Structure formats: C-alpha cells, structure tokens
Amino acid sequence: MLNIKQEALAYNLGEDWNQKKISMLEQKDVIEDKLLKQISAVLKIPVEAFQNFDEEQAVNIISNTFDNGAFLNTGHSASFNVNPIDKLIQLHEEKIVLYERMLKEKDEMMARLEKLISK
C-alpha cells in the first residue's frame, strides 16, 4: 500500500536482510515484537497500525487521502505534488544529457587513440 519495494525495506532493516527474507516475512501471521518495532520505525508507522490492521479500512483511508499523487486536505501540513509523468519526463531528459556526454567523451577518446596510432 505504501509502494515500498521489498529491497528498499530490506536495505533499511540492515545488512542481515534481503528481498527474499522480506517476502517470507510478509507471509507470516505473527511477527515478534522486537522486529515489528524495527519495521514500524523504518516505515514510520505506529506498531498499533500493524497490530490493528484492517485492509478494507486502510484502502478507504488511502483512497480518501490521496488524489492523483496529491495529499488532500486532511489537516496535515505536508503536501505531495509529484506528477509521475513530469518526473518521468525529467528522468528521460537527464538520461539524454548523460548519453550525449558519454558520446562526446567517446569521440574525444577515439580522437586521442587515432592520434596515438598515427604516431
């Protein structure tokens, strides 16, 4: 629901964790308190939210709280105005700049190699 990848959660839990271990953890019905507190801290969600979890209620809260990536007026001071399309375009443009820089460096290296070969 939080759109957090298993690899990211594993990384934040420490070097003893990996994606497979997180996947196995998700299948458990009971998680020991110490680990639950650690996960709670990493995800910044109260332990009680896990202990009293109701999927239908959580889906309702999320669907009533978020609208196209924007945080609706729920009394919270934070706002999230990230448009995924804009972010995708930005990343694409950054990739193009990187490719152009790599091509320029390749051309410069080829010119230096041709110079060395012709000596």
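Within region 34-46, can you find the residues that are open to solvent by less than 100 Å² (accessible area, probe 1.4 Å) and more than 19 Å from the chain's Cα centre (by Cα)?
Just the residues of region 34-46 that are open to solvent by less than 100 Å² (accessible area, probe 1.4 Å), to begin with: 35-36, 38-43, 45-46.
Correct list: Leu35, Leu36, Pro46.
Every residue, every condition in (1) assigned to a helix (DSSP H, G or I); (2) touching a Phe, Trp or Tyr at 6+ places or on another chain (Cβ under 6 Å); (3) at pLDDT 65 or above, yes or no:
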{"site": "Phe50", "(1), (2), (3)": "yes, no, yes"}
{"site": "Phe53", "(1), (2), (3)": "no, no, yes"}
{"site": "Glu56", "(1), (2), (3)": "yes, no, yes"}
{"site": "Asn64", "(1), (2), (3)": "yes, no, no"}
{"site": "Thr74", "(1), (2), (3)": "no, no, no"}
{"site": "Asn81", "(1), (2), (3)": "no, no, no"}
{"site": "Leu91", "(1), (2), (3)": "yes, no, yes"}
{"site": "Lys95", "(1), (2), (3)": "yes, no, yes"}
{"site": "Leu98", "(1), (2), (3)": "yes, no, yes"}
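The values are calculated or read from the model by the stated rules, or taken from the named source; none is laboratory data. These figures come from a predicted structure and were not determined experimentally. Note that each Cβ is placed from the backbone with ideal geometry, even for glycine, and that neighbours are counted across all protein chains shown. For the accessible areas, the whole protein counts, side chains as well, though only heavy atoms, and no ligand, DNA or RNA atoms are used. Shrake-Rupley method; radii C 1.70, N 1.55, O 1.52, S 1.80 Å.
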